[in-house]
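Asker: One structure coming up, written as structure tokens, with questions to follow.
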């Protein structure tokens with residue numbers, strides 16, 4: 001067991017974890033943050049995407065011990081985030097979800113694309129989503145929802161970062 005100290009969604013957490021416990025399992029089983037989903041457990045589907053030190057990361061591939069002294073943000077941590085709020089609204093309005101399994105990771109990825117100004121065209125959005133698999137939709141509505149949210153955020157805060 002290894003003691004780790006990690007900031008999760010702004011809260012400091014200390015926990016004793018086995019050395020081979022994945023970050024995804026740590027978040028779901030130890031912290032009850034079940035918005036982080038497990039799909040393939042090989043880093044291919046993207047359902048487990050979280051932010052680690054502000055960068056999108058596959059939590060199924062990362063060990064919890066690797067997050068010692070780092071910051072992790074899960075979908076639960078974006079409750080008051082204006083970009084995620086805009087994305088949630090546009091996903092709803094554009095019917096950009098069906099079963100919802102991929103949605104938390106899609107929202108995290110889309111938020112990152114918007115804040116990095118990489119959601120200016122359909123091609124950019126599709127390239128940015130390449131690591132997130134949705135088995136229910138044809139991605140068209142997801143891309144449309146992200147583009148609309150990006151336009152809205154761009155009008156509100158042109159220098160968002």
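The values are calculated or read from the model by the stated rules, or taken from the named source; none is laboratory data. Note that this is a predicted model, so its numbers are computed, not measured. We place every Cβ from the backbone using ideal geometry, glycine too, and count neighbours over all the protein chains shown.
Asker: Can you find even one residue in the range 49-63 that is in a loop (DSSP other than H, G, I, E, B), in the same structural domain as residue 17 (by TED's automatic domain parsing) and crowded, with 23+ Cβ neighbours inside 10 Å?
Answerer: yes
Asker: Name, by its number, the condition in (1) modelled with pLDDT of 95 or more; (2) farther than 18 Å from residue 32 by Cα; (3) outside the structural domain of residue 13 (by TED's automatic domain parsing) that does not hold for residue 66.
Answerer: Answer for residue 66: the failing condition is (3).
Asker: Among the residues in the range 92-100, are any assigned to a loop (DSSP other than H, G, I, E, B) and over 20 Å from residue 39 (Cβ atoms)?
Answerer: yes
Asker: Going by the structure shown, is residue 33 touching a strand residue (DSSP E or B) at 6+ places or on another chain (Cβ under 9 Å), crowded, with 16+ Cβ neighbours inside 10 Å and outside any loop (DSSP other than H, G, I, E, B)?
Answerer: no
Asker: Looking at the range 74-87 only, could you name the residues that are within 13 Å of the chain's Cα centre (by Cα), farther than 16 Å from residue 154 by Cα and without any contact (Cβ under 8 Å) to a residue 60 or more places away in the chain?
Answerer: Hits for the range 74-87 are 75, 78, 79.
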